Amino acid sequence: MTTLKEIISLLELAAPRSLQESYDNSGLQVGFPDAEIGKVLVCLDVTEEIVAEAAEKGCSLIVSHHPLIFKALKTVSDATYQQRCVVKALTGGIAIYSAHTSLDNAPGGVNYKIASIIGLDNLSFLSPLEGREGGSGVIGSLPEPMNDGDFVRMLAERFGVKCVRHSRLVGKTVSKVAICGGAGAFLAADARNAGADCFVSGEFHYHDFFEYPGLTLVELGHYQSEKFTVDLLADLLKSAFPALEVLKTEIDTNPIEYSI
């Protein structure tokens, strides 16, 4: 039987907590390091439905990308979904670990996964961390240049996006692409300065579409841009612990819907 602390050691080797942003709360959210783990549920977000799914499937650990506890809890009761999740996890013997910006900023992490789905080559960090191997965002090249309209349609298909927001398409050629899963608007200037033709992220602000003429911005949606992180985490766990049963959630936790 694998212990929780052994799993944490693996996760923090792949996504060191030293790489996380100062505002973040990656790491153990709920549970006891010496607990024995036989089955793991991997997800993007921790919700009450996810905790219930873990309990139903007999999982003693949830590994998520987005932290359940982002701001400190002053009370553990039933007032918020975070509090209810903590109570249900503890009473059900379920631990929760989250690898958030530690995995975003890691070599081979979230943005590298996104780059592999797009098919980018020659990858490097868009904004490298000083003195550490890691950074925010990734930039790379398409194997073959594409028309901007074809590129956006390809993204919609590969990421399963029903509605893609983007800058005005003018028929330009896209070759060099910058990416940042989730809320990546803060890297738009870095993408422009690195000579990217297009910057793909989960979220942009309205005025970003005015501020960066010549740089095509493509917004996939936060959930859509990062949903393949579940595969990344599951593959990591399965490779290191062959005897560990690793399940991927069957629940779509995207809180945003689109209507026509």
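Computed from the coordinates by the stated procedures, all read-outs in this text should not be read as laboratory data. This one's a predicted model, so the numbers in the text were calculated from it and none came from an experiment. Cβ sites come from the backbone with ideal geometry, for glycine too, and all protein chains shown count toward neighbours.
Observations
- Taking the chain as the region of interest, the number of lysine pairs whose Cα atoms are within less than 20 Å, with members eight or more places apart or on different chains, is 20.
- Directionally averaged projected area (convex hull, Cα atoms, region 106-260), nm²: 10.5
- Gain upon complete extension [R84, E245; 0.36 nm per residue less C-alpha separation]: 55.4 nm
- Relative to its Kirkwood radius, the Cα radius of gyration of region 68-111 gives an Rg/Rh of 1.11.
- Net charge, E245 excluded, C-beta distance under 11 Å - Lys, Arg +1, Asp, Glu -1: +3
- Shape of region 147-196, Cα gyration tensor, a/c cut at 1.5: oblate
- Percentage, to the nearest whole number, of Cα pairs in region 205-244 over 17 Å apart: 56
- Fully extending the segment from E257 to E36, taken as 0.36 nm per residue of separation minus the present Cα-Cα distance, adds 75.8 nm.
- Derived value for region 1-129: Kirkwood hydrodynamic radius 15.5 Å. Basis is the mean of 1/r over every pair of different alpha-carbon atoms.
- Normalised per residue, the volume of the convex hull around the Cα set of region 1-49 (Å³): 107
- DSSP loop GluC sites (Glu not before Pro) with at most 11 other Cβ within 10 Å excluded, longest remaining stretch of the chain: 1-129
- Principal axis analysis of the Cα atoms in the chain yields extents of 56, 42, 32 Å, listed in decreasing size.
- Principal axis box of region 109-148, alpha-carbon based, largest edge first, Å: 37, 15, 14
- Qualifying trypsin sites (Lys or Arg not before Pro) in region 69-113, where qualification requires a DSSP coil assignment and no more than 16 other C-beta atoms within 10 Å, comprise K71, K74.
- For region 193-234, the set of chymotrypsin sites (Phe, Trp or Tyr not before Pro) satisfying both a DSSP loop assignment and a count of at most 14 other C-beta atoms within 10 Å is given as Y206.
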